[in-house]
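Contents: one structure, followed by commentary.
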Amino acid sequence: MSSAAAGLRERILVVGLSRETAPVHIRERASLDTPAARELLRALRATGAVDEAVALSTCNRTEVYAVVPARCAQDAPNIIREALSCQTSVSREELVQLGYVRSEADAIEHLFGVVAGLNSTVLGEPEIVAQVRAAVALAVAEETVAALLRGLFAHAATAGRRVRAGTTISRGATSVSAVAVDMAAALLDDLRGRRALVVGAGKVASAAATRVADAGAREIVIANRSRTPALALARRIGGEAAPLDRLSDELAAADVVLCATGAPVPVVSRRMLAAATHGRDRCLIVLDLAVPRDVDPTAHDLPGLVLRDIDEIQRIAAAHLDERRRELPQAWSIVRAEARRFADWRMSLAAEPVLRELRRRAEDVRRRELERMIARSPGLTDAELDRLDVITTSLVRKLLHEPTRQIRDAWRTPEGRARLDALEELFAIRERPDAQTQACAAARTLTVVSA
């Protein structure tokens, strides 16, 4: 096959599963830690049927992005599933039933949407960017990334930046803990230098405590019935732990309180809050994230107290999420535009073998003619020789400028690629026959045997 049909010589694939297709107990078994991801990349490289690969594993997805020869495209998904199954506890059959294979434009658009946060549990969340960056870095270290995947992920990063800059898809917190901390920061103007009290040490309390720490709170106290989880959380965020029998004292010392226990009845009474707000020169901010509520709702009218419950916090989170969803059409429009830019770049990349050959042959002609001229003019000085070299190099560059532009443009359409077949034949640019076919056949045999 001629390289003018380079669009048919290789395929971009994504093989994997995600929260849209597989429940959490399957995703847990399909998860890849760094050593397993490294071994997976090495195994894929060893098959000879995968030219490039990146393994991405998060709480929402486990995916392999791969570049495979067109001859291997039919067998590649099973080869990748087999390698993935060997590094996890999920079977190849489960990957078939609960996973997906996307190819070319669908795979490209899928990746760009992932990096932009459009396929995340929390729409627009930015954490995926660092996770993708780490996955690419590992693939680079394992030498399973070359020009095509490098360019694909670079364009994906650009798509993500453009989506976040051009829409409000990432603005406004949508998790209860994030909304609560944002609300506290707004009510107090800033959390830096403030003393925070977190009542509880479970999942929601832990997320709230982490966000409070990230917001720069001066002191954070974790009050919990069980001391061990309170100590563990306090150590993780650089705070301190306190038993619940010290709750009244801690309420009085706090600037902001976030409550998220699993208690069946309120743990913060009106009496406690009345004592904590008595004689204060600033309001005490109390945010109740628990269901059932942790704070006695009759305390709502106490002077010097600002109390918000879970319903108020969730209404803000829902409003933010609705706002983000309204941005989805614009976000996907940006993603598709960047995917088209990637396609143009990819086609220009496909033209490089022809362009390299043109430049090489032009340079050979230039050097031969220059050597012939020098041989006929032995009296030329070094300065004159240098000037001749500069002039002839510049002449070749200028002569090739327009053909180079036209060749790159021609690769963007099937008609243009067909016209370039003649040029390719002229310069005898060929891929080695059957090498990749043999590699695919060998990989397919290994897959069948291992099954």
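Values quoted throughout were computed directly from the atomic coordinates according to the rules given, and no laboratory measurement underlies them. Here the structure is a predicted model, which means the values were calculated and not measured. Backbone-built Cβ (ideal geometry, glycine too); neighbour counts: all protein chains shown.
Amide H contacts for LEU305 (H built 1.01 Å from N in the peptide plane; partners 5 or more residues away or on another chain; cut-off under 5 Å): LEU284.
In terms of overall dimensions, the C-alpha atoms belonging to the chain reach 105, 62, 38 Å along their principal axes, ordered largest to smallest.
Where a ≥ b ≥ c are the square roots of the eigenvalues of the C-alpha gyration tensor, would you call the stretch 295-371 rounded, which needs a/c under 1.5, or, failing that, prolate if a/b is larger than b/c, or oblate? Because a/c hits 1.5 or more and a/b exceeds b/c, the stretch 295-371 counts as prolate. A protection proxy built from the mean count of other Cβ atoms within 10 Å ranks the segments 51-58, 36-43, most packed first, as 51-58, 36-43. Karplus-derived 3J(HN,Hα) values for the stretch 251-265, using 6.51 cos²θ - 1.76 cosθ + 1.60 with θ = phi - 60°, are 4, 5, 8, 8, 9, 9, 10, 10, 10, 7, 9, x, 5, x, 9 Hz; glycine and proline are entered as x. What the phi angles of the stretch 62-70 give under the Karplus curve with 6.51, -1.76 and 1.60, with θ = phi - 60°, is a coupling list of 10, 9, 10, 9, 9, 10, 10, x, 4 Hz, glycine and proline written as x.
Computed from the Kirkwood radius of its Cα pairs, the Stokes-Einstein diffusion coefficient for the stretch 1-146 at 10 °C and 1.306 mPa s stands at 104 µm²/s. The trypsin sites (Lys or Arg not before Pro) of the stretch 267-311 meeting both criteria, a DSSP state outside H, G, I, E and B (loop) and at most 10 other C-beta atoms within 10 angstrom of the site's C-beta, are ARG282. Apply the a/c threshold of 1.5 to the C-alpha gyration tensor of the stretch 322-423 and tell me whether it is rounded, prolate or oblate. It is prolate, given that a/c is not under 1.5 and a/b is the larger ratio.
Distance from the Cα centroid of the stretch 202-274 to that of the stretch 74-128 is 39 Å (rounded to whole angstrom).
Phi angles of the stretch 323-332 translate, via the Karplus equation with coefficients 6.51, -1.76, 1.60 and θ = phi - 60°, into HN-Hα couplings of 5, 5, 4, 5, 8, 4, x, 5, 4, 5 Hz per residue; Gly and Pro are given as x.
Quick check on the stretch 352-410: take the gyration tensor over C-alpha atoms, sort the square-rooted eigenvalues as a ≥ b ≥ c, and tell me if it's rounded (a/c under 1.5), prolate or oblate. Verdict is prolate for the stretch 352-410.
Here r is the Cβ-Cβ distance between THR404 and ALA253 and R0 is 45 Å; the resulting FRET efficiency, rounded to 0.05, is 0.05.
Considering only VAL145, VAL286, ALA83, and ranking their Cα positions along the charge dipole of the chain that arises from unit charges at the beta-carbon of Lys, Arg, Asp and Glu, the one farthest toward the positive end is VAL145.
Working from Cα positions, state the angle (0 to 90°, nearest 10) between the long axis of helix 352-376 and the longest principal axis of the chain. On a 0 to 90 degree scale, this one is about 50.
Residues VAL14, VAL390 in ascending order of nearby Cβ atoms (within 10 Å, fewest first): VAL390, VAL14.
Counting only helical runs of four or more DSSP H residues, what would the 222 nm mean residue ellipticity of the chain come to if each run contributes -39,500 (n - 2.57) and the total is spread over all its residues?
-18500 deg cm²/dmol
In the stretch 176-317, the ratio of gyration radius to Kirkwood radius, Rg to Rh, stands at 0.92 when only Cα atoms are counted.
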